[in-house]
Structures are given as structure tokens and as C-alpha cells.
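Worksheet: the structure to be examined is printed underneath.
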């Protein structure tokens, strides 16, 4: 009578299988990470679209005027931040935090973890510019993702009073696969790749 012989994997076979699994994991992990970031980018874009709608509703209620950027003015008066002005229209402060932000950019005088900044050319201290004064509003940035802890992503070019709110930290953060979600003066939001698309001053 012939006895049945048990078969098993050899050590070499197991090592080959492990190596194949390791190679597949190395290939797939970056793909999964990119997919997760793409989902965060979409969530952030949804946030920025809500902010854009909130800004447009604010303009309708305040004589076609953008909210002020806020902060301590040169008259030593404390002016509400732009996100405080539009919060009643967006019904929630959580949208002011990008889901891809690795750290909270807490602005002075508020508990909101805000990771977006305003265009200080349009959102000034106590009151913003008139919507009608904006040439090509669909091509002019009003809100952008930024690196800093201040309230602006792009500082005012005014020299009187002097601009004190532009630092090296207040720059657009390309946290979404090399690009950023931007809000424009007509209320629409769009992802732009970092670089030449957002650097020209005519977009500000």
C-alpha cells in the first residue's frame, strides 16, 4: 500500500511569495495615498464652494461689498475676520479647515483653525471692496489656501497705510497633489496647479 505524502511550501517558495507581496505593496501604496489625497481635495473643494457662496450671499446683504479681512486696524479698532463675517451664511466653522492640512493655522483672536486666507487687496480692514469694482471677477482670487497663521494669502499692495501683513509664510499652499483650491470673486471655486497659474499679480 502506497502512503500519501504531505506536500508543503519550501523556504525558497515562501520567500518568493513574500517578495512578490512586498513588490505589489510598494507599487500600490502610493496609488492608495494619491486616491486618499484626491478625496481630501474634493472635500476641500466642496468647502471652498460653500465659502464662495457665503461670500456672494454676504455681498447681496451688504450693498455688493465684500467682507473685511479683519484684524487690528490702524485706528486700533478690532475688526471681525472675514470668516467670522461669512460664517452665518455657511452654517459651520469646520469648513474653514482643509482636510489635508497637517497643522492648524490658528489666527490671533479666534479659536477657528483656519487654513485659508483672503486677498487683502479686496478684503481690507473693516470693509471690503465693492464687487462692481472688480474687473473680470471670474479671474480674480478672493480666497486661497495658505501656509501662514495670518488672515491673508495675498497682502494688500497699499502703501498708505503701510502693508504689515505680508510675511514669507503667507503664500499659497499646494497641498493637493501640487495644487490648491482657490475661490474667485464671482463665487466659483477651482483647483489650480501651483506655479504660473496663481503667481501673476493680475489674479490678485
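The values are calculated or read from the model by the stated rules, or taken from the named source; none is laboratory data. Bear in mind the structure is a predicted one, so any value in this text is a computation, not a measurement. All Cβ positions, glycine included, derive from the backbone under ideal geometry; neighbour counts span all protein chains shown.
Restricted to the range 80-93, and to residues that are in contact with a strand residue (DSSP E or B) (Cβ under 9 Å, 6 or more places away or on another chain) and more than 25 Å from residue 203 (Cβ to Cβ), which residue is modelled with the lowest pLDDT? Even if it seems obvious, please write down each step before you answer.
Just the residues of the range 80-93 that are in contact with a strand residue (DSSP E or B) (Cβ under 9 Å, 6 or more places away or on another chain), to begin with: 80-86, 93.
Applying the additional criterion that residues be more than 25 Å from residue 203 (Cβ to Cβ) yields 80, 84, 93.
Details: 80: 85, 84: 89, 93: 82.
Out of the qualifying residues, it is 93.
Taking the range 118-136 as the region of interest, how many residues are surrounded by fewer than 16 Cβ atoms within 10 Å (Cβ to Cβ) and either over 20 Å from residue 65 (Cβ atoms) or modelled with pLDDT of 90 or more (or both)?
3
Can we say residue 112 is over 23 Å from residue 179 (Cα atoms), touching a helix residue (DSSP H, G or I) at 6+ places or on another chain (Cβ under 7 Å) and modelled with pLDDT under 80? Steps first, please.
Values: over 23 Å from residue 179 (Cα atoms): yes; touching a helix residue (DSSP H, G or I) at 6+ places or on another chain (Cβ under 7 Å): yes; modelled with pLDDT under 80: yes.
It is true that residue 112 is over 23 Å from residue 179 (Cα atoms), touching a helix residue (DSSP H, G or I) at 6+ places or on another chain (Cβ under 7 Å) and modelled with pLDDT under 80.
Condition check ((1) modelled with pLDDT under 65; (2) in a loop (DSSP other than H, G, I, E, B); (3) farther than 20 Å from residue 115 by Cβ; (4) in contact with a strand residue (DSSP E or B) (Cβ under 7 Å, 6 or more places away or on another chain)) across all residues:
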| site | (1), (2), (3), (4) |
| --- | --- |
| 160 | yes, yes, yes, no |
| 165 | yes, yes, no, yes |
| 190 | no, no, no, yes |
| 196 | yes, yes, yes, no |
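Hey, among 185, 152, which residue is touching a strand residue (DSSP E or B) at 6+ places or on another chain (Cβ under 8 Å) and either modelled with pLDDT under 90 or over 13 Å from residue 48 (Cα atoms) (or both)? Lay out the reasoning, then the answer.
Values: 185 fails: either modelled with pLDDT under 90 or over 13 Å from residue 48 (Cα atoms) (or both).
That would be 152, the only listed residue that is touching a strand residue (DSSP E or B) at 6+ places or on another chain (Cβ under 8 Å) and either modelled with pLDDT under 90 or over 13 Å from residue 48 (Cα atoms) (or both).
On the basis of being at pLDDT below 75, closer than 30 Å to residue 141 by Cβ and surrounded by 10 or more Cβ atoms within 10 Å (Cβ to Cβ), does residue 33 make the cut? Let's see the steps before the verdict.
Values: at pLDDT below 75: yes; closer than 30 Å to residue 141 by Cβ: yes; surrounded by 10 or more Cβ atoms within 10 Å (Cβ to Cβ): yes.
In short, yes.
Return the total of residues in the range 37-57 being more than 15 Å from residue 144 (Cα to Cα), at pLDDT 95 or above and in contact with a strand residue (DSSP E or B) (Cβ under 7 Å, 6 or more places away or on another chain).
The number of residues fulfilling the criteria is 0.
Which members of the range 49-67 meet the condition of being surrounded by fewer than 23 Cβ atoms within 10 Å (Cβ to Cβ) and either out of contact with any helix residue (DSSP H, G or I) (no Cβ under 7 Å at 6 or more places or on another chain) or in contact (Cβ under 8 Å) with a residue 60 or more places away in the chain (or both)?
49, 53, 56, 59, 60, 61, 62, 63, 64, 65
Can you tell me which residue within the range 68-79, out of those that are on the phi > 0 side of the Ramachandran plot and buried (at least 19 other Cβ atoms within 10 Å of the Cβ), is modelled with the highest pLDDT?
Of the residues in the range 68-79, the ones on the phi > 0 side of the Ramachandran plot are 70-71, 76.
Checking the rest, the ones that are also buried (at least 19 other Cβ atoms within 10 Å of the Cβ) come to 70-71.
Working: 70: 81, 71: 70.
Residue satisfying both the conditions and the ranking: 70.
What do you reckon, is residue 147 at pLDDT below 80, over 20 Å from residue 58 (Cβ atoms) and crowded, with 18+ Cβ neighbours inside 10 Å? Reasoning before the result, please.
On the way: at pLDDT below 80: yes; over 20 Å from residue 58 (Cβ atoms): yes; crowded, with 18+ Cβ neighbours inside 10 Å: yes.
For residue 147, the condition - at pLDDT below 80, over 20 Å from residue 58 (Cβ atoms) and crowded, with 18+ Cβ neighbours inside 10 Å - is met.
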